[in-house]
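S.K.: Structure in structure tokens, see below.
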Number of protein chains: 4
Amino acid sequence: MCDNNHHNELVISDDPMHPANLICSLCAKFYEKDWCLGTGGGISIKDPHTNHYFIAPSGVQKELMKPTDLFVVKGTANSNELNVDDVTFVRRPVGLKPSDCTPLFLTCFKELDVGAVIHTHSTNAVLASLLYDDFFEISHIEQIKAMPSDKWDANANKYVNLLFQDTLRIPIIGNKNFEYELTDDLLEVCKKYPHSCAVLVRRHGIFVWGPSIAKAKIYNESIDYLLGLAIQMRQMGLPTVKSTLTQGHK
Amino acid sequence: MCDNNHHNELVISDDPMHPANLICSLCAKFYEKDWCLGTGGGISIKDPHTNHYFIAPSGVQKELMKPTDLFVVKGTANSNELNVDDVTFVRRPVGLKPSDCTPLFLTCFKELDVGAVIHTHSTNAVLASLLYDDFFEISHIEQIKAMPSDKWDANANKYVNLLFQDTLRIPIIGNKNFEYELTDDLLEVCKKYPHSCAVLVRRHGIFVWGPSIAKAKIYNESIDYLLGLAIQMRQMGLPTVKSTLTQGHK
Amino acid sequence: MCDNNHHNELVISDDPMHPANLICSLCAKFYEKDWCLGTGGGISIKDPHTNHYFIAPSGVQKELMKPTDLFVVKGTANSNELNVDDVTFVRRPVGLKPSDCTPLFLTCFKELDVGAVIHTHSTNAVLASLLYDDFFEISHIEQIKAMPSDKWDANANKYVNLLFQDTLRIPIIGNKNFEYELTDDLLEVCKKYPHSCAVLVRRHGIFVWGPSIAKAKIYNESIDYLLGLAIQMRQMGLPTVKSTLTQGHK
Amino acid sequence: MCDNNHHNELVISDDPMHPANLICSLCAKFYEKDWCLGTGGGISIKDPHTNHYFIAPSGVQKELMKPTDLFVVKGTANSNELNVDDVTFVRRPVGLKPSDCTPLFLTCFKELDVGAVIHTHSTNAVLASLLYDDFFEISHIEQIKAMPSDKWDANANKYVNLLFQDTLRIPIIGNKNFEYELTDDLLEVCKKYPHSCAVLVRRHGIFVWGPSIAKAKIYNESIDYLLGLAIQMRQMGLPTVKSTLTQGHK
């Protein structure tokens, strides 16, 4: 039935901030940054008003993707009730398969209660995963202040961001042959780093999430800046976590 | 006769996916990536419906190329019957010469039975050709999964892609003074690597092909990503083919 | 009262050179250069005709900023009279907070009598701040001639620019947890370098100012070019201040 | 008189290939490549039909330059008759000064009989000028074939291009405090390298010329590609001129 009915109303909108439009416009931007070339990478967004999850197709050139290429999963107001193991699509474009990341994306929505997930094959992410063991870490860089901490601000109803002197840690998990096999490892490492908004996948790339696509985008580009900076610092022999003993006033 | 008749109907189309338009728009994009500057590089596409082969002119700024600058060769449904040694153009723009790559492009179409060939002078390709001997190789990187393997999937009627743990190998041939002189060496190395979709030409660049221009583009940008990553890995002292003995869990 | 009245007339203009439009268009350009990603960085401009100071909001994606997102402070013809400690906004967008840099920006306007201030998180600025101690310095590079010197030209009513053989020095101050805490250190170091048009903030980025936004932009991009060049020179073992003894004719 | 008459007809044209339009559009492109930021660099073109020389103003942001910002010098059909020491402008924009490169540009037109001159502050040019002594040299790279040789082809009425195995040499001269002071050194070195289409200026940038702006652009971007490649090769310990003894088949 679904295949006969394209349900284009779910993905066609004049609003550039509609999730279907945002996935396409951001993927085109990410392609320019070499984050999702060769059909790699992707973005998934939950529409909090309709509880629809928008998911990119597999094997498609991400910079050429159109809203009508997107799959849509119907959830409930409670993300916990999302059925990850038996996904039913309310929109399934003819001739396309959903992204191999679909189980991983939906698990993030269900278990981490997020509003958007970004996945890239960023070279900085791959290189950093080879330079660090269990987690990437960096401290004493201003851009760290764009990243969330584990401290809850009851008044603002959100986690406050890290301070300049704090250490950002992003866990690294090993890659598997299929992306759906990463799900358990991602959940496992998120138990150890419950406030992390990202996981590096060794020799693969990165997954970044946030309460909204705007936040996830800010986190993703801040992390990529920090990964790139860290790689250059390591090449210059500088540690990325500041030690007052070895670094002096720098 | 051909010179008097421009046969513009072969190259003028409103469809952005027409081969003549794709060659021009992709060359403009490739110029932005420094893959075909200074008139270097090019793209050739076979139209499977008309058996026309579209070929760029020589010595033209590739980012400024217009559809009317293109040469067209008429083939038959069977690519094997293409006459490479005595090419007859059904469209030959006045005042232009066909690309020096023409014999090489047509040989790829004839002998490798492909739908499109991309040639670039990518710096990553040139540098990698100086860091590796007989072939470039890389394993255990997620982007490898965008590349085809030698395993045929009878159901899908195509070769399946490499797995993450597989090793991608791209043969390297020496450069010659003229591009047509590369033809024999390219065919020779393709016998040794019959499922390769690319050949590096030392101190020159790369040729990448695929069943369609979309596939060739995906392969080309995935390879360039992998070449760039490999160069950075080598600069950090990391091997590009993973050895469990020396690399541990990384 | 201010919140009820949006005073859009202060920020809505058809003129692309209006400060509100320039802040938005330049921030979008700076985002492309990775100078103000992840909501970082910003620009503030004084309109010399109206004595209005235009200030970006905090926590906003700088490349998506609209003129109506901007705060406006009313000053007097005499910048010295600007009240930095008790800022009153004549325009305050609902739901937004002014940039954390506001006290720093206004201090630059008041104490340094400038027309525009640019702040970025440029990777070159952060890396240079780790390679140099009290100040960055470079000499004998042509681009230095785009930077102002401390020599006043009474006829032209402006400071003349540095010569090729001059040494450009940009002081470096340590970072603090909050940007307003940088104000005293910035003023202190500007007493020591009274003609500097920029201050590097270690592990943070750079502040650059000028008599106009055009000049501040020229200084900012020239400095970033020089910082990037210096980092590459240092990686090649070349000193950035030329010593005739060690460098010979180079 | 000239100041009262703007002679806009010399620079206003609907044709994107008009020299005044080309200077502006190419400078905007070169700005994107960081070749002429901070008001640095520039382009000068001779119109062979009218014998007008189009010259950019000094101290202007090159990416924002408009055709009406351009100066125009009237020459004769014989470039040798150009009066470089006492330049008379047939168009002189009010409030602007001609580029400091004007004498150098006009000397190239007069003494080298060229159609266009490009000047950039390319980082690759500056770095290469620090890695090489009297001249930059590179051999055995395909892109070299885009560069002209000293061999005249009487049939084609032009110099043939270098072969792959040839060595491209670009002389390097020392910088001076003022650009007009470079004129004598440039002419001097061009006597030694009479077929060079470029001169590197140490710690400054590069001048590149050709019979037309199209050729000069092709030469400039090919040289920059080769300079960038050479810098990376040197960083990897690879010589840029191939020695069969030390390099083997690579």
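S.K.: With the full set of protein chains in place, find how many percent of the accessible area of segment D:181-250 is carbon and sulfur; take the probe as 1.4 Å.
M.R.: 54 percent
S.K.: Right, here's the next one. Would you kindly work out the equivalent ellipsoid of segment C:10-53 from its C-alpha gyration tensor and give its semi-axes, the square roots of five times the eigenvalues, largest first in whole Å?
M.R.: They are 22, 11, 7 Å, listed largest first.
S.K.: Tell me what chain B gives for mean residue ellipticity at 222 nm when only DSSP H runs of n ≥ 4 count, each as -39,500 (n - 2.57), the sum divided by the residue total, rounded to 500 deg cm²/dmol.
M.R.: My calculation for chain B gives -9000 deg cm²/dmol from helical runs alone.
S.K.: Can you compute the FRET efficiency between residue A:66 and residue C:152 using 1/(1 + (r/R0)^6), with r the Cβ-Cβ distance and R0 = 56 Å? Round to the nearest 0.05.
M.R.: Using R0 = 56 Å, I get an efficiency of 0.40.
S.K.: Taking the Kirkwood radius as the inverse of the mean 1/r across Cα pairs, report the Rg/Rh of segment D:1-100.
M.R.: Computed over Cα atoms, the ratio is 0.95.
S.K.: So if we plug the beta-carbon distance of residue A:97 and residue D:137 into 1/(1 + (r/R0)^6) with R0 = 45 Å, what FRET efficiency do we get, rounded to 0.05?
M.R.: The value I calculate is 0.25.
S.K.: Using a 10 Å cut-off around each Cβ of peptide D:33-40, what is the average number of partner chain Cβ atoms that fall inside?
M.R.: 6
S.K.: Looking at the P(r) of the protein assembly as shown, how many percent of alpha-carbon pairs lie beyond 53 Å?
M.R.: Of all Cα-Cα pairs in the protein assembly as shown, 19 percent lie more than 53 Å apart.
S.K.: In the calculated pair distance distribution of chain A, what percentage of Cα-Cα distances lie above 30 Å?
M.R.: Distances greater than 30 Å cover 26 percent of the Cα pairs.
S.K.: A 28 angstrom limit on the alpha carbon distance is what I want to check against. Which of C:110/C:217; D:74/D:192; B:62/D:66; B:97/D:158; B:29/B:242 exceed it?
M.R.: Those over the limit are D:74/D:192; B:29/B:242.
S.K.: In addition: For the pair residue D:236 and residue D:80, how long in nm is the line joining their label points, each one 7 Å along Cα→Cβ?
M.R.: 4.8 nm
S.K.: Is the shape of segment B:112-250 rounded, prolate or oblate, going by the alpha carbon gyration tensor and its root eigenvalues a ≥ b ≥ c, with a/c under 1.5 for rounded and a/b larger than b/c for prolate?
M.R.: Oblate, because a/c is 1.5 or more while a/b does not exceed b/c.
S.K.: Here is a further query. Peptide C:92-102: average number of partner chain Cβ atoms within 10 Å per residue?
M.R.: 0
S.K.: Leaving out ligands and nucleic acids, and using a 1.4 Å probe, what accessible area per residue does segment D:8-244 come to in Å²?
M.R.: The answer is 39 Å² per residue.
S.K.: How far apart, in nm, are the 7 Å Cα→Cβ label points at residue B:243 and residue C:113?
M.R.: Here the modelled spin labels are 6.8 nm apart.
S.K.: Using a 7 Å offset from the Cα along the Cα-to-Cβ direction at both residue B:32 and residue A:9, what is the distance between the two label points in nm, to one decimal?
M.R.: Rounded to a tenth, the inter-label distance reads 3.6 nm.
S.K.: Something else: Semi-axes, largest first, in whole Å: what does sqrt of 5 times each Cα gyration tensor eigenvalue give for segment C:133-181?
M.R.: Semi-axes, largest first: 27, 16, 7 Å.
S.K.: What does the accessible area of residue D:218 come to, in Å² to the nearest 10, when a probe of 1.4 Å is used?
M.R.: So the heavy atoms of residue D:218 present about 10 Å² to solvent.
S.K.: Counting only protein heavy atoms and rolling a 1.4 Å probe, how much accessible area do D and C lose on contact, total for both sides, in Å² to 100?
M.R.: Using a 1.4 Å probe, the pair buries roughly 2600 Å².
S.K.: Within the set of other residues whose C-beta is less than 14 Å from the C-beta of residue D:151, count the net charge using Lys and Arg as +1 and Asp and Glu as -1.
M.R.: Surrounding charge for residue D:151 is -1.
S.K.: Shifting gears a bit: Local charge sum around residue B:115 (other residues, Cβ-Cβ under 13 Å, Lys/Arg +1, Asp/Glu -1)?
M.R.: +3
S.K.: Still on this structure, please answer the following. Give the aspartates and glutamates reachable from residue B:33 as a straight Cα distance under 13 Å; neighbours fewer than 8 places away on the same chain don't count.
M.R.: Candidates past the 8-residue exclusion: A:32, A:34, B:63, B:221, B:224, D:32, D:221.
S.K.: Just the Cα atoms of segment C:51-161: what Rg and Dmax do they give in Å?
M.R.: 17.4, 50
S.K.: Send over the Kirkwood Rh of segment D:42-92, from the inverse of the averaged 1/r over different Cα pairs, rounded to one decimal Å.
M.R.: Here the Kirkwood hydrodynamic radius works out to 11.7 Å.
The values are calculated or read from the model by the stated rules, or taken from the named source; none is laboratory data. None of the values given here were measured: they were computed from a predicted structure. No Cβ is skipped: glycine too gets one built from the backbone with ideal geometry, and neighbour counts run over all protein chains shown. Surface accessibility is based on the protein's heavy atoms, side chains included, excluding ligands, DNA and RNA. Shrake-Rupley method; radii C 1.70, N 1.55, O 1.52, S 1.80 Å.
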